[in-house]
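Q: Once you've had a glance at the structure underneath, I'll fire off some questions.
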Amino acid sequence: MNTVTTTHVPLSSLTTRRGPSHPDGEGSVQVHQDPTLRIGTAKVFAVYGKGGIGKSTTSSNLSVAFSKLGKRVLQIGCDPKHDSTFTLTKSLVPTVIDILETVDFHSEELRPEDFVFPGYNGVMCVEAGGPPAGTGCGGYVVGQTVKLLKEHHLLDETDVVIFDVLGDVVCGGFAAPLQHADRALVVTANDFDSIFAMNRIVAAIQAKSKNYKVRLGGVIANRSNATDQIDRFNKRVGLKTMAQFPDLDVIRRSRLKKATLFEMDPTVEVEAVQHEYLRLAASLWAGADPLECAPMKDRDIFDLLGFD
């Protein structure tokens, strides 16, 4: 077992593990999370999907929808861009790692208002951020964020926690939110590249579900006026689509206006999208049945979707 260190962060207890006996899957090399860190009674959702697919827009509007249902919501952005909560707070808030660095990583010196920021309709917003480019591990960032929230008892009275996670799952570090989540949701579009990324995400979730409580909740079709390709893939692997959001200009404009869709001028299109988010939130709160899926081999996806 090798000790992992950085020049900026004291990581004396941070380790990586390798080998077939690792509980996170054969060959797994990643940050070892503190097993005592538990979020508590809140329902926890982790939102994944191909980079640029609209996860932050989806997460933020879903957070507002939960808040409109009277739930106390915390959204945690897990991306170095730290723009997950941009439309909720109307600004790029500092990250947990940024704030910790200002106090030389002495978390006891921080107050909740130093790293938790109020968003639209009472949604609490945290940006975990990421390690410096080319160094560190996203798993450490996620672990430190959850630890800080626990230390300040910010999860005790939270009903819903939404992790908005960096793009494609290519390393165990950014799969770390799956160790805290009840359900993982995959945002995709009705195209080959998005579905290819979704298949990798399904594989990551299935690996984590062997030793953690996380299960697949379903698919959110985004920027998709049709779902024929998604439907074909879902049928093959055992997924289902929980919500569909069409490719509307008003959705793009909402982000440019630093606003959620619930703040946009009411039109038939806007109200239809709002209703779909509220329906999705209510369905998730009622309890999404876990899905047992079988991810495909890369070659098989090309055969299924890549050729006429």
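The values are calculated or read from the model by the stated rules, or taken from the named source; none is laboratory data. None of the values given here were measured: they were computed from a predicted structure. As a convention, Cβ positions derive from the backbone with ideal geometry for all residues, glycine included, and neighbour counts pool all protein chains shown. Keep in mind that these areas ignore ligands, DNA and RNA; they rest on the heavy atoms of the full protein, side chains included. Shrake-Rupley method; radii C 1.70, N 1.55, O 1.52, S 1.80 Å.
Q: Before we move on, is residue 142 in a loop (DSSP other than H, G, I, E, B), open to solvent by less than 50 Å² (accessible area, probe 1.4 Å), at negative phi and at pLDDT below 85?
A: On the way: in a loop (DSSP other than H, G, I, E, B): no; open to solvent by less than 50 Å² (accessible area, probe 1.4 Å): yes; at negative phi: yes; at pLDDT below 85: yes.
For residue 142, the condition - in a loop (DSSP other than H, G, I, E, B), open to solvent by less than 50 Å² (accessible area, probe 1.4 Å), at negative phi and at pLDDT below 85 - is not met.
Q: To continue, here is another question. Could you go through region 112-119 and let me know if any residue there is crowded, with 19+ Cβ neighbours inside 10 Å, at pLDDT 95 or above and of a type outside the set (A, V, I, L, M, F, W, C).
A: The answer is yes; a qualifying residue exists.
Q: On to the next question. Specify which of the listed residues (294, 282, 243, 259) is part of a helix (DSSP H, G or I) and aliphatic (A, V, I, L, M). Write out each step before concluding.
A: Details: 294 fails: part of a helix (DSSP H, G or I); 243 fails: part of a helix (DSSP H, G or I); 259 fails: part of a helix (DSSP H, G or I).
That would be 282, the only listed residue that is part of a helix (DSSP H, G or I) and aliphatic (A, V, I, L, M).
Q: Which members of region 82-111 meet the condition of being of a type in the set (A, V, I, L, M, F, W, C), part of a loop (DSSP other than H, G, I, E, B) and touching a Phe, Trp or Tyr at 6+ places or on another chain (Cβ under 9 Å)? So that I can check it myself, show each step before the final result.
A: Step one: filter region 82-111 for residues of a type in the set (A, V, I, L, M, F, W, C), giving 86, 88, 92-93, 96-97, 99-100, 103, 105, 110.
Keeping just the survivors that are part of a loop (DSSP other than H, G, I, E, B) gives 92-93, 103, 105, 110.
Result: 92, 93.
Q: In region 235-251, what residues are among the aromatic types (Phe, Trp, Tyr) and open to solvent by 50 Å² or more (accessible area, probe 1.4 Å)?
A: So in region 235-251, the residues among the aromatic types (Phe, Trp, Tyr) come out as 245.
None - no residue of region 235-251 is among the aromatic types (Phe, Trp, Tyr) and open to solvent by 50 Å² or more (accessible area, probe 1.4 Å), so the list stays empty.
Q: Identify, please: which residue in region 213-240 is part of a loop (DSSP other than H, G, I, E, B) and of a type outside the set (A, V, I, L, M) and is, among those, farthest from residue 201 (Cα to Cα)? So that I can check it myself, show each step before the final result.
A: Within region 213-240, the first condition is being part of a loop (DSSP other than H, G, I, E, B), and the residues that meet it are 213-214, 223-227, 238-240.
Now drop any that are not of a type outside the set (A, V, I, L, M), which leaves 213, 223-225, 227, 238, 240.
Numbers: 213: 16, 223: 19, 224: 19, 225: 23, 227: 19, 238: 14, 240: 15 Å.
So the residue we want is 225.
Q: Could you tell me whether residue 273 is touching a residue at least 24 places away in the same chain (Cβ under 8 Å) and surrounded by 13 or more Cβ atoms within 10 Å (Cβ to Cβ)? So that I can check it myself, show each step before the final result.
A: Details: touching a residue at least 24 places away in the same chain (Cβ under 8 Å): yes; surrounded by 13 or more Cβ atoms within 10 Å (Cβ to Cβ): yes.
Yes: the conditions hold for residue 273.
Q: Continuing with the same structure: Which residue out of 232, 215, 255, 200 is modelled with pLDDT of 95 or more, open to solvent by 40 Å² or more (accessible area, probe 1.4 Å) and of a type outside the set (Ser, Thr, Tyr)?
A: On the way: 215 fails: modelled with pLDDT of 95 or more; 255 fails: modelled with pLDDT of 95 or more; 200 fails: modelled with pLDDT of 95 or more.
After ruling out the rest, the residue left standing is 232.
Q: Is it fair to say residue 106 is open to solvent by 30 Å² or more (accessible area, probe 1.4 Å), farther than 24 Å from residue 175 by Cα and at pLDDT below 95? It would help to see each step written out before you state the result.
A: On the way: open to solvent by 30 Å² or more (accessible area, probe 1.4 Å): yes; farther than 24 Å from residue 175 by Cα: yes; at pLDDT below 95: yes.
Against the criterion (open to solvent by 30 Å² or more (accessible area, probe 1.4 Å), farther than 24 Å from residue 175 by Cα and at pLDDT below 95), residue 106 qualifies.
Q: Suppose we filter region 281-308 for residues that are more than 25 Å from residue 192 (Cβ to Cβ) and open to solvent by less than 20 Å² (accessible area, probe 1.4 Å); how many remain?
A: Kept after step one, since they are more than 25 Å from residue 192 (Cβ to Cβ), are these residues of region 281-308: 281-290.
Now drop any that are not open to solvent by less than 20 Å² (accessible area, probe 1.4 Å), which leaves 281, 284, 288.
Going through region 281-308 one residue at a time, the tally reaches 3.
Q: Across region 30-50, which residue is modelled with the highest pLDDT among those that are farther than 19 Å from residue 140 by Cβ and over 12 Å from the mean Cα position of the chain (by Cα)?
A: Within region 30-50, the match that is modelled with the highest pLDDT is 43.
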